[in-house]
Amino acid sequence: MTNGSTSAAVPAPPEPVTKQSFRDGMAKLAAAVSVVTSNGPGGLVGATVSAVCSLTDTPPTLIVCINRSSRSHAAIAKNQILSVNVLGGANQHVAHIFAGGTGAGPAERFEEVHCSVLATGAPVIDTAVVSFDCEIAQTTDFGTHTVFIARVLAMRMEQGSDGLVYFDRRYLSTGDATRVGVPVPLSLAYDLDWTR
Ligand SMILES: Cc1cc2nc3c(=O)[nH]c(=O)nc-3n(C[C@H](O)[C@H](O)[C@H](O)COP(=O)(O)O)c2cc1C
């Protein structure tokens with residue numbers, strides 16, 4: 001706006017968001033890696049997942065999104081229980097196995113990990129950084145996935161382990177990451193229940 005010229009540039013129309021461009025964008029969303037397990041009349045299953053987040057701390061509740069075409073989906077829906085096992089930096093091989101990377105079937109995947117049970121009977125992986133043992137409170141189907149709203153009945157936590165992150169289609173240990181921030185004091189850490 002120096003000489004009153006009105007030669008306004010016409011913005012290029014935005015690129016359409018395709019399935020691939022969306023996936024490429026989501027590859028830049030660093031995500032914690034967990035294994036969701038379930039057991040019961042629907043069978044023993046476990047799958048690597050990144051679509052997990054907290055919903056509310058009162059009652060303690062998680063959201064877990066599972067593809068309806070997976071074997072895990074059918075079993076979780078029937079068993080009505082699941083456990084979310086958040087993997088540590090040393091557990092990349094576990095993530096690979098439970099993502100189907102070795103071709104192992106649902107029960108076979110468990111031959112590679114030691115498990116216990118807490119409240120519901122869903123297997124809890126002993127080397128997980130933290131495990132949340134849940135009953136399904138509600139479900140919502142959208143597109144290819146089901147959103148499971150899972151109420152946490154029991155949990156187990158390890159001290160001092162690094163986390164496992166998936167970023168740019170690669171696994172990273174938080175122990176390898178450069179520390180870029182200052183620790184957030186617990187009193188200032190964000191409130192889990194952002195609906196208030
Ligand atoms: C890093 C990573 C994250 C994943 N996140 C999810 C997820 O959030 N939900 C999902 O349904 N599948 C996810 N998957 C794919 C499942 O792990 C994969 O489809 C698995 O083989 C399902 O096994 P199943 O058919 O025996 O249930 C993810 C895979 C990887 C490698």
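For Ala75, the shell of other residues with beta-carbons less than 15 Å away shows a net charge of +2, using +1 for Lys and Arg and -1 for Asp and Glu.
Each of the chymotrypsin sites (Phe, Trp or Tyr not before Pro) that DSSP puts in a loop and that has at most 13 other Cβ atoms within 10 Å breaks the chain; the longest unbroken stretch is 1-189.
For the pair Lys78 and Met155 in one chain, pulling the backbone fully straight at 0.36 nm per residue adds 25.5 nm over the alpha carbon distance. Think of the chain as having a plus end and a minus end, set by charges on the Cβ of Lys, Arg, Asp and Glu; of Ala8, Ile125, Leu153, Ala8 sits farthest toward the positive end of this dipole.
Placing +1 on the Cβ of every Lys and Arg and -1 on the Cβ of every Asp and Glu, with no other charges, gives the stretch 80-151 a dipole of roughly 140 debye about its Cα centre. Anisotropy class assigned to the chain is prolate, per the alpha carbon gyration tensor with a/c at or over the 1.5 cut-off and a/b larger than b/c. Here the simple spin-label model places points 7 Å from the Cα toward Cβ, and for Ala99 and Phe22 these points are separated by 2.0 nm.
Computed about the Cα centre, the dipole magnitude for the chain is approximately 400 debye when only Lys and Arg (+1) and Asp and Glu (-1) carry charge, each at its Cβ.
Seen through its C-alpha gyration tensor, with square-root eigenvalues sorted a ≥ b ≥ c, the stretch 43-101 comes out oblate because a/c lies at 1.5 or above while a/b is not bigger than b/c.
Secondary-structure-derived ellipticity at 222 nm for the chain, considering helices only, amounts to -3500 deg cm²/dmol, per-run term -39500 (n - 2.57) for DSSP H runs with n ≥ 4. Here's the picture: charge each Lys and Arg Cβ at +1 and each Asp and Glu Cβ at -1 in the stretch 1-76, and of Ser70, Thr18, Thr56 the one pushed furthest to the positive end of that dipole is Ser70. In this rough spin-label picture, where each label sits 7 Å from Cα along the Cβ direction, the Arg170-Ser54 distance is 3.0 nm.
A short reminder: the numbers here are calculations on the coordinates, not readings from a lab. This structure is a prediction, so every number in the text was calculated from the model and none was measured. Heads up, the Cβs are rebuilt from the backbone with ideal geometry, glycines too, and the neighbour counts pull from every protein chain shown.
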